[in-house]
Each structure stands twice: as structure tokens, then as C-alpha cells.
1. Scan the range A:133-154 for residues that are surrounded by fewer than 17 Cβ atoms within 10 Å (Cβ to Cβ) and at pLDDT below 95 and jot them down.
2. Find the residue count for the range B:107-144, including only residues that are within 14 Å of chain A (Cβ to nearest Cβ) and surrounded by fewer than 17 Cβ atoms within 10 Å (Cβ to Cβ).
3. Of all residues in the range B:5-37 being buried (at least 17 other Cβ atoms within 10 Å of the Cβ) and over 24 Å from residue B:103 (Cβ atoms), which is nearest to the other protein chains (Cβ to nearest Cβ)?
4. Could you pull out every one of the helices (runs of 4 or more DSSP H) wholly within the range B:141-239 that has 3 or more residues that are closer than 15 Å to residue B:336 by Cβ and at pLDDT 90 or above?
5. Just checking, does the range A:181-204 include any residue being within 15 Å of residue A:21 (Cβ to Cβ), surrounded by fewer than 23 Cβ atoms within 10 Å (Cβ to Cβ) and touching a residue at least 24 places away in the same chain (Cβ under 8 Å)?
6. So, in the range B:376-387, how many residues would count as being out of contact with any helix residue (DSSP H, G or I) (no Cβ under 6 Å at 6 or more places or on another chain) and without any contact (Cβ under 8 Å) to a residue 24 or more places away in the chain?
7. Answer yes or no: is there a residue in the range A:96-109 that is more than 27 Å from residue A:196 (Cβ to Cβ) and either within 14 Å of chain B (Cβ to nearest Cβ) or surrounded by fewer than 18 Cβ atoms within 10 Å (Cβ to Cβ) (or both).
8. Scan B:149, B:78, B:93, B:156 and give me the residue that is closer than 18 Å to residue B:345 by Cβ and more than 14 Å from every other protein chain (Cβ to nearest Cβ).
């Protein structure tokens, strides 16, 4: 059938970002549970939860490839194609960091995370995931902005980007605290390295959320 | 059975097929943005389109047709009446074949341009290249560029205007209601003006330009404020639905207009050549213009409606699923751009196509950032087929006419 309209419209890449974000959110919840499980002595589901995260990361990867593969040259969009790809890349890096964290933990099961820093690690995870949650809200509001082009909506998105930045800063502080403690606890060198690197990877989750926010700031600029 | 009667029977069959094709394909043009933006359901779109196409075809469609559509071929070719009716049948058949091919290849071509191309094929075969009115052909070529470009500019401008006046503001719902008389009025102005100019109804009424303008402005103001009155009593209660709810209401009106105008304008593409054959068979003579009896217009209208009902559902359902990024403000901008372009271009005497204008409108709204992803690579393919339509239909007609002439 000859429908000009039909062939002219391509699936919305912005909807694709939302779909990808849904996977990020699901992954965040499973990740938090996995970390709690790893720290607790009574939980034996770490491997299972790690598998959940791996599966979600895999599904998100497929969405990412679908978005990238379906925007050929000559696709007219309200945002620059490469800004969109950069944004998507950062959103996807959040998942990679989540996956890296669990991988890193799994490389050295014993003696695990020293009890003295359990609370600090959990706080760091929470601070990082706070930034990821804020990124989710920011994307939903940005999606709304591209529908309405409302000035108020744009201001809201900018505020949310600022709040991601703030949350990333808090995650940085939590990361520094962990490192400082680890270096001054008199642990063996291997554990120090394991924990410092762990803190850095968890911290990078928030960094990627912040980068995604900055990219969105560029996408909504006038 | 005399050869004339055979030609007439064949004419009915091919005319019906052509009308069916118009209905099956062009429904998407008038109703796509309304269905895509969920202003109306698929079923409503089909009922509205079927009814308004029949009404448009039978009551506003031309009661007199040029024997040669759009005067593309000089009247000298009409010297032999038998030649003329075989030519009319060949043109109809060739245009229908080309449209069917384009349908199969999923490409939007203009039924108007197909019939114009087929007429050229007939003219060249029967009287040589000298028979072609090149200035009319120039108009056709111009319309390939002008109608999409014009619609693009209007679509872009209209969407930007809606953003600027309504959507970017703090209370878009209230702003949309406040400016609703302007948007309804603009649409009504275009509707009334195009009916006074583009359609045969307007030609019979013979309203002069200044009077037509005044009438259109009056109608625009009246309908605009009546619309606001109605909106104040319905949509105002739901501020949470935002500006889109207001434009959803306006959009139903513009979609109806496109369907009505489509019936009125396109019916002649299927019925015009048939009317020529009918007139000759009935009265034994032929002129450069022939009257089109109302039953033929109805026949065409019903053919279009049949196409809509039989093939339209699948089209519309797929559209409703795929075209999800088109909201009411976008749909309104596209329809407004297409309708305005058709009005102004017809006023300039160009045979324009609603299809071409709608494509331009979509690109315009896309350029204004209104659509998440417009596939521009498809546009080049679409343009190629617009340009190919005339020569392809012409060549088909040369073959069909030469073959038919052997037997009839």
C-alpha cells in the first residue's frame, strides 16, 4: 500500500531511551540486592542476582543496538544524532559499571568486604543509585519536554540535571570516605587494592549518570 | 454488442477500480495524522472518510469535466470521437495500472498526475508531440517542487507558532483555549476559501475574491468563537490534558475537511474519462467539455468509499500503531499545511496533490522538532516516483492505446 506517512515515520529513538532506562532501573534494584547479599553472611543468592544483572545488561544492550542501528543518515530528529548516541552511551555505561562492580566482587569472594566498611559501601551504593534514580526522572521529564517544548518543563529538566550533579558529588564524598578508611585500617595490600578499586567502580556509576545529565543539558539547549 | 458498448462496460469496470484505488490509498492522506494522533479511532476515520468522500464526490464534485483532464493535450486530438473514447479508456486503464504498481511498491503517487501522464501518452500516440500543451506540463513540473516546499514552510511555521503562543508558556491548556479562536479560525478560513475557489461548487456560486475573503473571515470568526464556546464547556474541565486536548478537537474538523475535499477533487480522476465515454455512447457526439451525470459521480463516490471500507482498515490500523509520535498539535500543523497548500496552489492553476502537500507538511513539522524521527531517505524515493509518474503513465498509455486500437 502506498502510505507516505507510514514510511516517513521511524520508531522514536526517545522512546527507545526510556525503554533502555527501564532496564537500567531494574538492574539498579537487582544490583543493590546483590551487594547487600554479598555483604550479609546469611545470603547465598549473590550468584543468582549477578546473573539477573547480567541478563538485564544483555537486554539493555540489545535495545541500545536497536536504537543505534535504526537511525540511518538522513533521519530528522529534534536532537542531534550524535548527542543522542553519546547520551545513550553514558546511560549504558551505568549498566556496565554495575556489572563491573559485581564481577570485581566475584573475583575475590573471600575474605569479602571488611565488616568495618560495610556501612560505608552500602552508603556509597545508595548514593550512586540515587544519582541513577535522578537520571531516570530527568529522562522522563526531558521526554515530556520534547513533546511540549514548554519553558517550565525545560527549567525542570535543568533542575534535575543539577540534582544529578549534586548526587554525584555526594557519591564522590562517600567514595573518598571508603578509600580513606581502607587505607588506614591496616589491611593487607590485596584487600586494600580490591576495596579501593571496588569503591572507584561503584563511584563511576554516579559519574556516568552525571555525564548523561550533561549530555541531556546539551540536547535541550536552545 | 457494439464496440462502443464494450468500451462503456470496460470504462465502468476500470473507473470503479480507479475509484477503489483512490479510496484504498488516499484515505491514509486525509486521516493519517488524525488517527496517528488518536483524535479519532480507526472505525470513526473509516466512517467519516467513506461518508464525506461520497458526499464530496456526488455533491461538490465537478458536474462538468474537461474531456482532456487539466487541458494537458490540445483539443485537436478530439477530431475522431472513436479515437477519443478509446483514448479515454486507455488513459483510465493506464493510470489505474500505474497506481496499482505504486500501491504494490508502497509509494505515494498522485492519482491526478497519473491521469495527466496517461492523457499525454494518448495525445502523443494519436497526434504527435505537437499536441501536448507544454505550459500545462510546466505547471505539473512546478507542482512537484512548489506543493511540498510550500507545505513544508507552512507546517514548520504553524508548529513553531503553536509552540511559541501555547506550548512554551506556563499554562498551555489555558493558552490553547485562549488562542483556540485563532487556530480554529485560521483552519475555517482556509476551508471556506478553498471551497469557494477550488471546488466546482464555488465556481457555480461565482463569488468574487473580495466577497469570498470577507465571507471566509466572517465564517472563521463565527466558527472560531463558537468552537471556543464549546471548548470552554467541555475541554476546559480537564486542564491536566494540556494543549493537546484542545487541538484534538480542532483536528477532527481539519481531517473531515481533507476527506470532503478529496472526494470532491479526486472523483474526476476516475469518473472524468468514463463520463466522456458515457456521453459519446449516449449522445453520439463529443466536445471539449462534457457534463457528468450525478449517478456517475455517486458511482465514483461509492467506489472510493468501497476502497476505504475494504482496504482502509488495515492501512489505518498499521498507521495507528506505527505513527505514535504524532500528537494533536503536530497533526493539526500537518493537515493545516496540506490544506493551505492545496488551496493556494490550485488558485495558481497548478494540478497539486494532497499527498505531496502532506509529505511536505510532515517534513516541516519534523524540521521544527515536532516529530521524533522522520525518515528523510524515504523522501528521495517518494520524489523520484512523483517525477516518474507522468512518463510512466504516459508510456503505459501508449502501449495500452496502441493495443486497444487494434481491436476497437
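1. Result: A:144, A:151, A:152.
2. The total comes to 0.
3. First pass over the range B:5-37, keeping only residues buried (at least 17 other Cβ atoms within 10 Å of the Cβ): B:7-8, B:10-11, B:14-37.
Within this subset, residues satisfying the condition of being over 24 Å from residue B:103 (Cβ atoms) are B:7-8, B:37.
Details: B:7: 29, B:8: 29, B:37: 11 Å.
In this case the residue turns out to be B:37.
4. On the way: elements: B:172-197, B:200-205, B:209-233.
Qualifying helices (runs of 4 or more DSSP H): B:172-197, B:209-233.
5. Taking the range A:181-204 first, the residues within 15 Å of residue A:21 (Cβ to Cβ) are none.
No, the conditions are met nowhere in the range A:181-204.
6. 5
7. Taking every residue of the range A:96-109 in turn, none turns out to be more than 27 Å from residue A:196 (Cβ to Cβ) and either within 14 Å of chain B (Cβ to nearest Cβ) or surrounded by fewer than 18 Cβ atoms within 10 Å (Cβ to Cβ) (or both).
8. Values: B:78 fails: closer than 18 Å to residue B:345 by Cβ; B:93 fails: closer than 18 Å to residue B:345 by Cβ; B:156 fails: more than 14 Å from every other protein chain (Cβ to nearest Cβ).
The conditions single out B:149.
The values are calculated or read from the model by the stated rules, or taken from the named source; none is laboratory data. Just so it is clear, the model here is predicted, and its values are computed rather than measured. Using ideal geometry, Cβ is built from the backbone for each residue, glycine included, and neighbour counts are taken over all protein chains shown.
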